[in-house]
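Bear in mind that the values in this text are calculations on the coordinates, not laboratory data. None of the values given here were measured: they were computed from a predicted structure. Positions of Cβ are backbone-derived with ideal geometry, glycine not excepted, and every protein chain shown enters the neighbour counts.
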Amino acid sequence: MKAAYIEATGPAESTIKFGDLPKPSPTGTQVLVKVGAVSVNPIDTYLRNGANYWPLPKPFIIGCDLAGTVEAVGPDVRRFKVGDRVWGSNQGLLGRQGTFAEYCAPEEQWLYPTPAPVTDEQSAACALVGITAHLGLFREIQLQAGETVFVNGGSGGVGSLVVQMAKAAGARVLATAGSAEKVAALKQLGADAAVNYKTDDIAAAVKSLAPAGVNVYWETVREPDFEKIVSYLAERGRMILMAGRDARPVFPVGPFYVKGCSLRGFVMFKATPGEQRAAADDINRWLSSGKLKANISRVLPLNQAAAAHQLQEENTLQKAGTLAGKIVLKP
Ligand SMILES: NC(=O)c1ccc[n+]([C@@H]2O[C@H](COP(=O)([O-])OP(=O)(O)OC[C@H]3O[C@@H](n4cnc5c(N)ncnc54)[C@H](OP(=O)(O)O)[C@@H]3O)[C@@H](O)[C@H]2O)c1
């Protein structure tokens, strides 16, 4: 089968190869998926450039997310049969092989049925980022209808789904983005208020939407400014951190505890199969009903995997701002 893979970590253009690797044969509880679409995530950059902290299989097929059609099942598979459409994430992580290939054989516990009206591109684009958004809002923060949520980086892969899921749960949402077009797109996604983090007065926007402060603050950037964030939070405000492995910012202890605030951090790939499936069930429901829309910026052929990685890296590490959503690739 054709696959995009690396044999050593390093720059995208020189390490990502596109060529033939053996097609997997599903054993035990593995499901062989004929891949219809995959998507790129910032963590793909860290896995490929060597910043990550677990050993990779050799060769390592890049990519975490996939959607496609079941071609064969291992003898112990219970939830899927040949011909079913499925999507999933959590591949390429913790030493597992990745998804950027014509075929992939995940354990069935990391796969979910794709509802009929949803395309492979849409479900692949919502996979890792959707599960992340859901875990943060519902497992970690227990978002309630009527609460106010601030999403810093609402235009990104995770942020655009946090915005939509918070709206689906009945919250009011204020989100930031880095250009006038992306601010307009945030309103299309349902944000009650959207501001440009480069040019607008964020404190004034918070005061206008939530005079007593926001109940939830979701940070997607790797260098949080806690001084500002704590000033935006309401009494008993809750905050989510999920990016910035190397970040060591100053923290305003006094204002934080006096307001009774709390702070949660998590990584999606440590969530249990049951937790991830609960997120996937809601994602499927909301994608089917139109409450959730995949935010796709580019669709490329799989043989463009190196260019796709380069583009993601420029946005994740150099903050180029040239992406307005997910990069999806198709074998
Ligand atoms: N913990 C987990 O399980 C988990 C899961 C998924 C992702 N992550 C991490 O979360 C981060 C975001 O992931 P993603 O997929 O959403 O990335 P992404 O699609 O590249 O989005 C990045 C977002 O950050 C915004 N941004 C950049 N600089 C900003 C600034 N100074 N102030 C406010 N916003 C700014 C961008 O806005 P513009 O494009 O509008 O400029 C964009 O909305 C990454 O570091 C990723 O590794 C963690």
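Per this entry, L137 is not counted among residues that are surrounded by fewer than 23 Cβ atoms within 10 Å (Cβ to Cβ) and within 16 Å of the ligand (Cβ to nearest atom). Suppose we filter S262, S297 for residues that are touching a residue at least 12 places away in the same chain (Cβ under 8 Å) and more than 10 Å from the ligand (Cβ to nearest atom); which single one remains? From the options S262, S297, the qualifying one is S262.
Residues are listed down the side, and each one gets a yes or a no for (1) within 27 Å of L300 (Cα to Cα); (2) out of contact with any Gly (no Cβ under 6 Å at 6 or more places or on another chain); (3) among the polar types (S, T, N, Q):
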{"residue": "A169", "(1), (2), (3)": "no, yes, no"}
{"residue": "Q188", "(1), (2), (3)": "yes, yes, yes"}
{"residue": "A193", "(1), (2), (3)": "no, yes, no"}
{"residue": "K198", "(1), (2), (3)": "no, no, no"}
{"residue": "D201", "(1), (2), (3)": "no, yes, no"}
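Against the list (1) part of a loop (DSSP other than H, G, I, E, B); (2) in contact with a Lys or Arg (Cβ under 9 Å, 6 or more places away or on another chain); (3) among the aliphatic types (A, V, I, L, M), the condition V250 fails is (2). When G159, G178 are screened for being within 10 Å of the ligand (Cβ to nearest atom) and under 17 Å from the mean Cα position of the chain (by Cα), only G159 passes.
Here F100 clears all of (1) over 24 Å from the mean Cα position of the chain (by Cα); (2) under 21 Å from A306 (Cα atoms) except the condition numbered (1). Restricted to the stretch 49-103, and to residues there that are within 17 Å of L302 (Cβ to Cβ) and polar (S, T, N, Q), the residue that is surrounded by the most Cβ atoms within 10 Å (Cβ to Cβ) is T99.
Per-residue answers, yes or no, for (1) touching a His at 6+ places or on another chain (Cβ under 6 Å); (2) acidic (D, E); (3) over 26 Å from Y46 (Cβ atoms); (4) surrounded by fewer than 19 Cβ atoms within 10 Å (Cβ to Cβ):
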| site | (1), (2), (3), (4) |
| --- | --- |
| L143 | no, no, yes, no |
| G157 | no, no, no, no |
| T176 | no, no, no, no |
| V183 | no, no, yes, no |
| D201 | no, yes, yes, yes |
| L209 | no, no, yes, yes |
| E219 | no, yes, no, no |
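For the stretch 196-230, a tally of residues being more than 10 Å from the ligand (Cβ to nearest atom) and more than 19 Å from E147 (Cβ to Cβ) returns 8. Here is a check on your reading of the model: is A324 within 18 Å of the chain's Cα centre (by Cα), under 23 Å from N90 (Cβ atoms), buried (at least 17 other Cβ atoms within 10 Å of the Cβ) and within 16 Å of the ligand (Cβ to nearest atom)? Here the answer is no, as A324 does not meet what is asked. Counting the residues of the stretch 12-48 that are part of a loop (DSSP other than H, G, I, E, B) and surrounded by 19 or more Cβ atoms within 10 Å (Cβ to Cβ) gives 4. Note on the stretch 185-199: among residues that are touching a residue at least 40 places away in the same chain (Cβ under 8 Å) and in contact with a strand residue (DSSP E or B) (Cβ under 6 Å, 6 or more places away or on another chain), the one that is surrounded by the most Cβ atoms within 10 Å (Cβ to Cβ) is A191.
Of the residues F18, F100, the single one that is among the hydrophobic types (A, V, I, L, M, F, W, C) and more than 21 Å from M268 (Cβ to Cβ) is F18.
Looking only at residues of the stretch 265-290 that are small (G, A, S), part of a helix (DSSP H, G or I) and away from the ligand (no atom under 16 Å from the Cβ), we find that the one that is surrounded by the fewest Cβ atoms within 10 Å (Cβ to Cβ) is G274.
Among the residues of the stretch 231-240, are any aliphatic (A, V, I, L, M), without any contact (Cβ under 8 Å) to a residue 60 or more places away in the chain and more than 24 Å from T148 (Cα to Cα)? Within the stretch 231-240, not a single residue is aliphatic (A, V, I, L, M), without any contact (Cβ under 8 Å) to a residue 60 or more places away in the chain and more than 24 Å from T148 (Cα to Cα).
If you go through the stretch 12-38 and pick out every residue that is touching a helix residue (DSSP H, G or I) at 6+ places or on another chain (Cβ under 9 Å) and under 14 Å from Q109 (Cα atoms), you end up with 3.
So, of the residues in the stretch 206-227 that are in a helix (DSSP H, G or I) and charged (D, E, K, R), which turns out to be farthest from the chain's Cα centre (by Cα)? Among those that are in a helix (DSSP H, G or I) and charged (D, E, K, R), it is K207. Considering only residues in the stretch 54-70 that are free of Cβ contacts under 8 Å to residues at least 60 places away in the same chain and under 12 Å from D120 (Cα atoms), the one that is nearest to the chain's Cα centre (by Cα) turns out to be G68.
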